[in-house]
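Have a look at the structure below, then the notes.
The values are calculated or read from the model by the stated rules, or taken from the named source; none is laboratory data. Since the structure is predicted, the reported quantities are computational estimates derived from the model, not experimental observations. With ideal geometry, Cβ positions are generated from the backbone for all residues, glycine too; neighbour counts draw on all protein chains shown.
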Ligand SMILES: Cc1cc2nc3c(=O)[nH]c(=O)nc-3n(C[C@H](O)[C@H](O)[C@H](O)COP(=O)(O)O)c2cc1C
C-alpha cells in the first residue's frame with residue numbers, strides 16, 4: 001500500500017484477547033513504509049507487552065497520561081498533532097464507552113479528544129458484549145462523531161461463542177486506513193537527492209566552494225515527499241531546515257558526498273543530483289594555516305579534478321532513474337544535451353546561471369527538461385512550483 005509511505009499512524013491497543021493481532025497490524029504498516037507509534041492502555045499491557053510493540057514499531061510505546069517525562073513536552077497533545085490517522089485496534093467495550101462519553105481519564109481517550117485527524121476504531125469483544133444495547137448506543141454515538149468504524153466481523157470467538165464481535169483481519173484494517181491517503185505520483189518510490197554546495201578544503205580555515213543554496217534540492221525533496229516518495233537528502237553545508245519526514249545526511253566535500261552516495265544508492269529508485277559539486281579540489285590539503293608571504297604577491301594552489309558523482313552512478317545504474325542538473329551560462333540546451341548523452345542520464349534539467357534573478361541562491365528558476373526524446377521549457381516560476389512540475393514530469397515520462 002504505497003500511499004501509506006511516510007504517513008504517521010498512531011495505533012492504540014486496548015485490553016482484549018485480540019491485542020496480539022496488533023503485532024501483525026504494526027508489521028503491515030511497517031512494510032508499507034508508514035511510521036507507526038503505539039499507545040497502550042493499562043489493560044492492553046496485560047495481554048501483550050509494550051516491549052514487543054516497541055521492538056516491532058521501532059518507537060517507544062506510550063502508556064501514561066500522567067507521566068512527568070512525556071508530559072514535559074505535553075505528550076498527549078504532541079501525539080495527537082503527530083498523527084495523520086489514529087487506529088484503535090482492538091477496541092474494547094470499555095474504551096468504546098469511555099470514548100462515547102468524551103472522557104479523558106487515560107492517555108488514549110485524552111489523545112482522541114485532542115486529535116483532529118481521522119480516528120479508526122476496530123471493536124473486538126465477545127458477541128454478547130457487542131450485542132449489548134449499551135455497547136450499540138455507545139458505538140453509534142462514536143460513528144456519528146469523528147470515528148470511522150472497521151468491523152467487527154462475525155465468526156468463531158476466542159471464548160468459544162459464535163457471532164459478531166471478532167476484530168476484522170489486520171490486512172483488512174490496514175487496507176481501510178490506507179484508503180484515506182491518496183496515491184501520490186511517486187508513492188512508495190525511494191528518492192535520493194544531493195543538494196547544496198561542496199567545500200573543498202585548502203587548509204584548516206579556508207576552502208573553495210560555490211553559491212549554491214541547496215534550495216532547489218530541498219524543495220524537490222518536499223515535492224517528492226508530498227507525492228508519496230520516501231526521500232533522503234545528502235546535503236552539502238546549507239542554511240536550510242530538514243523537511244519533515246525526509247532523512248538527511250550532511251557532508252562537506254565532493255569526496256564525502258561520493259562516498260555517502262555510493263554507500264546507499266542501491267536502496268533507491270530515483271537519484272536526483274542537484275548538488276553543485278566542486279569540479280576541482282586542492283591537490284594537497286595543508287595541515288597548517290597557509291601563512292601570508294612577505295615578498296610574494298601570488299599564491300599558487302594546484303587543483304585536481306574531483307570524481308564525477310553523477311556520471312559514475314549513471315554509468316553503473318541498473319533499475320534506478322538518474323536525473324542531473326546542468327548550470328550553464330551559454331548555449332544552454334545544446335550543452336545540456338551533450339551532458340545528457342555523455343553522462344548517460346535519463347533526464348537533465350538545465351538552467352541559465354548567468355541570469356542573476358534565477359538559479360543559484362534565488363527562490364525562482366527557469367529550466368529546460370531534456371530527455372533523449374523530449375525537450376520542455378518551464379518558464380520562470382518559484383522553485384516550489386518548479387519542483388512539483390519536475391516530480392510530475394519524472395513520474396509521467398520516466
Ligand atoms: C481474559 C480477558 C479477555 C478479555 N477480552 C476482552 C475483549 O476481547 N474485548 C473487550 O471489550 N474486553 C475484554 N476484556 C475486558 C477488558 O480487558 C476490560 O474491560 C478492561 O477494563 C478494558 O480496559 P481498556 O479499555 O482500558 O483497555 C477481557 C478481560 C479478560 C480478563
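When the residues of the range 113-129 are filtered to those that are assigned to a helix (DSSP H, G or I) and more than 29 Å from residue 155 (Cα to Cα), which remaining residue is farthest from the ligand (Cβ to nearest atom)? Going through the qualifying residues, I end up with 114.
Yes or no: residue 79 in a helix (DSSP H, G or I) and modelled with pLDDT of 95 or more? So residue 79 does not fit the description; no.
Can you list the helices (runs of 4 or more DSSP H) lying wholly within the range 157-269 that have 3 or more residues being within 30 Å of residue 291 (Cα to Cα)? Talk me through it step by step, then tell me what you get.
Working: elements: 170-178, 215-226, 254-264.
Where helices (runs of 4 or more DSSP H) fall fully within the range 157-269 and carry at least 3 residues being within 30 Å of residue 291 (Cα to Cα), they are 254-264.
In the set (1) free of Cβ contacts under 8 Å to residues at least 24 places away in the same chain; (2) in contact with a strand residue (DSSP E or B) (Cβ under 7 Å, 6 or more places away or on another chain); (3) within 23 Å of residue 396 (Cα to Cα), residue 314 fails one condition alone, (1). Of the helices (runs of 4 or more DSSP H) contained entirely in the range 1-68, those carrying at least 3 residues that are without any contact (Cβ under 8 Å) to a residue 60 or more places away in the chain, on the phi < 0 side of the Ramachandran plot and away from the ligand (no atom under 13 Å from the Cβ) fall at 21-31, 50-57. Scoring residue 100 on the criteria (1) surrounded by fewer than 17 Cβ atoms within 10 Å (Cβ to Cβ); (2) in contact with a helix residue (DSSP H, G or I) (Cβ under 6 Å, 6 or more places away or on another chain); (3) within 21 Å of residue 11 (Cβ to Cβ) leaves a single failure, condition (1).
Specify which of the listed residues (157, 136) is surrounded by 19 or more Cβ atoms within 10 Å (Cβ to Cβ) and within 21 Å of residue 15 (Cβ to Cβ). It would help to see each step written out before you state the result.
On the way: 136 fails: surrounded by 19 or more Cβ atoms within 10 Å (Cβ to Cβ).
Going through 157, 136 in turn, just one is surrounded by 19 or more Cβ atoms within 10 Å (Cβ to Cβ) and within 21 Å of residue 15 (Cβ to Cβ): 157.
For the range 141-151, the count of residues that are within 16 Å of the ligand (Cβ to nearest atom), in a loop (DSSP other than H, G, I, E, B) and closer than 24 Å to residue 21 by Cα is at least one. Only one of the numbered conditions (1) more than 23 Å from residue 395 (Cα to Cα); (2) at pLDDT 95 or above; (3) surrounded by 12 or more Cβ atoms within 10 Å (Cβ to Cβ) is violated by residue 360, and that is (2).
Of all the numbered requirements in (1) crowded, with 18+ Cβ neighbours inside 10 Å; (2) touching a strand residue (DSSP E or B) at 6+ places or on another chain (Cβ under 6 Å); (3) under 30 Å from residue 91 (Cα atoms), residue 228 misses one, and that requirement is (2).
Being over 24 Å from residue 244 (Cα atoms) and modelled with pLDDT of 90 or more narrows it down to one of 25, 86, so name that one. I'd like the intermediate steps shown before the answer.
Working: 86 fails: over 24 Å from residue 244 (Cα atoms).
Of 25, 86, the one residue that is over 24 Å from residue 244 (Cα atoms) and modelled with pLDDT of 90 or more is 25.
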